[in-house]
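Below is one structure, written out as structure tokens; comments come after it.
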Amino acid sequence: QVTLQNIHKSFGAVDVVKGLDLDVKDGEFLVLLGASGSGKTTALRMIAGLETVTSGIVRIGERDVTNILPKYRDIAMVFQSYALYPHKTVFANIAYPLTVRKHPKAEIEAAVKDVARQVQLDQLLDRYPRQLSGGQRQRVALARAIIRRPAAFLMDEPLSNLDAKLRGHMRAELKHMQHELGITTIYVTHDQVEAMTLAHRVALLDKGVLQQLDTPANIYNRPANLFVAGFIGSPP
Ligand code: ATP
């Protein structure tokens, strides 16, 4: 569970996020949707702890993490580029968060096998990233992110660098994995198709203000205001 309470963020005199309240439930896939500059990435970075809040409270689980460093927040973040290590095998890439923390070898092996099975990479552990398809690479990045069993998973436009065909394919993969794994996820995108197909609920932001937080069906069929209707293209 991730909770934002009346979050504000200003850069100098510019208010970028203005009083954001969000409540992401356990296992929920929540999409932060909005046009460029609406404050989505800033909001996500405040949840990750990569950006301080100007005011407000961030909670992960029961903990107030507002003033806690990113590495102690129990979250995992996946960025646009999957940033796999090209000279490490799939196994070593997935294991990395545990090897740097010097976990025992047997424990690492068991953990890698476990997540690899969940994301269907168990047959590919000896390969190198260049020997994988885009979808398989994405799964390696996700496996690496979830191996420590974070309380929440943060993704910022992870599909935005891909061509349309691959994006559709990856979207389907993400949806499938979300279904399998049920990890609490906050996903930033400006792509409403992505939002509507992936999300349990969508939070639509405009100029740092939350316009509607609802299921894709309700956002489409019952837009809260004219901005939402216009953005989504709901029938009048
Ligand atoms: P995009 O989809 O283009 O990434 P976004 O909705 O994620 O947009 P943010 O990246 O959160 O938007 O940016 C919101 C606003 O805050 C923008 O006007 C941006 O220029 C400004 N901004 C972001 N980071 C900083 C910073 N470090 N210093 C000053 N202004 C910033």
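The values are calculated or read from the model by the stated rules, or taken from the named source; none is laboratory data. Model, not experiment: these values are computed from the prediction. Don't worry about glycine lacking a Cβ; one is built from the backbone with ideal geometry, like all the others, and counts go over all protein chains shown. We work out accessible area using only protein heavy atoms, side chains counted, and drop any ligands, DNA or RNA first. Shrake-Rupley method; radii C 1.70, N 1.55, O 1.52, S 1.80 Å.
Given the structure, is residue 32 surrounded by 15 or more Cβ atoms within 10 Å (Cβ to Cβ), in a helix (DSSP H, G or I) and either touching a residue at least 40 places away in the same chain (Cβ under 8 Å) or more than 13 Å from the ligand (Cβ to nearest atom) (or both)?
Spelling it out, it is not the case that residue 32 is surrounded by 15 or more Cβ atoms within 10 Å (Cβ to Cβ), in a helix (DSSP H, G or I) and either touching a residue at least 40 places away in the same chain (Cβ under 8 Å) or more than 13 Å from the ligand (Cβ to nearest atom) (or both).
Which residues, taken from segment 111-131, are part of a helix (DSSP H, G or I), open to solvent by 60 Å² or more (accessible area, probe 1.4 Å) and not charged (D, E, K, R)?
Matches in segment 111-131: 118, 131.
Would segment 74-87 turn up any residue that is at pLDDT 95 or above, away from the ligand (no atom under 16 Å from the Cβ) and not aromatic (Phe, Trp, Tyr)?
The answer is yes, given that some residue of segment 74-87 is at pLDDT 95 or above, away from the ligand (no atom under 16 Å from the Cβ) and not aromatic (Phe, Trp, Tyr).
If you check 23, 15, which single one turns out to be surrounded by fewer than 19 Cβ atoms within 10 Å (Cβ to Cβ), part of a strand (DSSP E or B), more than 7 Å from the ligand (Cβ to nearest atom) and free of Cβ contacts under 8 Å to residues at least 24 places away in the same chain?
23
Report, by residue number, each residue of segment 185-214 that is out of contact with any Ser or Thr (no Cβ under 8 Å at 6 or more places or on another chain), open to solvent by less than 30 Å² (accessible area, probe 1.4 Å) and closer than 12 Å to residue 40 by Cβ.
186, 187, 203, 204
Kindly indicate the residue of segment 35-67 that is open to solvent by 70 Å² or more (accessible area, probe 1.4 Å) and among the acidic types (Asp, Glu) and also farthest from the ligand (Cβ to nearest atom) among those meeting that condition.
Checked segment 35-67; the qualifying residue farthest from the ligand (Cβ to nearest atom) is 62.
In segment 156-178, how many residues are touching a strand residue (DSSP E or B) at 6+ places or on another chain (Cβ under 9 Å) and either aliphatic (A, V, I, L, M) or open to solvent by 10 Å² or more (accessible area, probe 1.4 Å) (or both)?
Residues flagged as touching a strand residue (DSSP E or B) at 6+ places or on another chain (Cβ under 9 Å) and either aliphatic (A, V, I, L, M) or open to solvent by 10 Å² or more (accessible area, probe 1.4 Å) (or both) within segment 156-178 amount to 7.
Given 217, 199, which one is at negative phi and in contact (Cβ under 8 Å) with a residue 40 or more places away in the chain?
199
How many of the residues making up segment 132-154 are surrounded by fewer than 17 Cβ atoms within 10 Å (Cβ to Cβ) and closer than 17 Å to residue 96 by Cβ?
Number of matching residues: 2.
In segment 210-222, is there at least one residue being within 14 Å of the ligand (Cβ to nearest atom) and at pLDDT 95 or above?
Checked segment 210-222: at least one residue is within 14 Å of the ligand (Cβ to nearest atom) and at pLDDT 95 or above.
Kindly provide the set of residues from segment 95-121 that are β-branched (Val, Ile, Thr), modelled with pLDDT of 95 or more and within 20 Å of residue 138 (Cβ to Cβ), ordered by number.
The answer is 112, and nothing else.
Conditions first: (1) part of a helix (DSSP H, G or I); (2) open to solvent by less than 30 Å² (accessible area, probe 1.4 Å); (3) more than 24 Å from residue 195 (Cβ to Cβ). Residue 91 passes all but one, so which condition is the exception?
(2)
Being out of contact with any helix residue (DSSP H, G or I) (no Cβ under 8 Å at 6 or more places or on another chain) and open to solvent by less than 60 Å² (accessible area, probe 1.4 Å) narrows it down to one of 224, 217, so name that one.
Criteria check complete, one pass: 217.
Being farther than 13 Å from residue 38 by Cβ and part of a loop (DSSP other than H, G, I, E, B) narrows it down to one residue among 183, 219; which is it?
183
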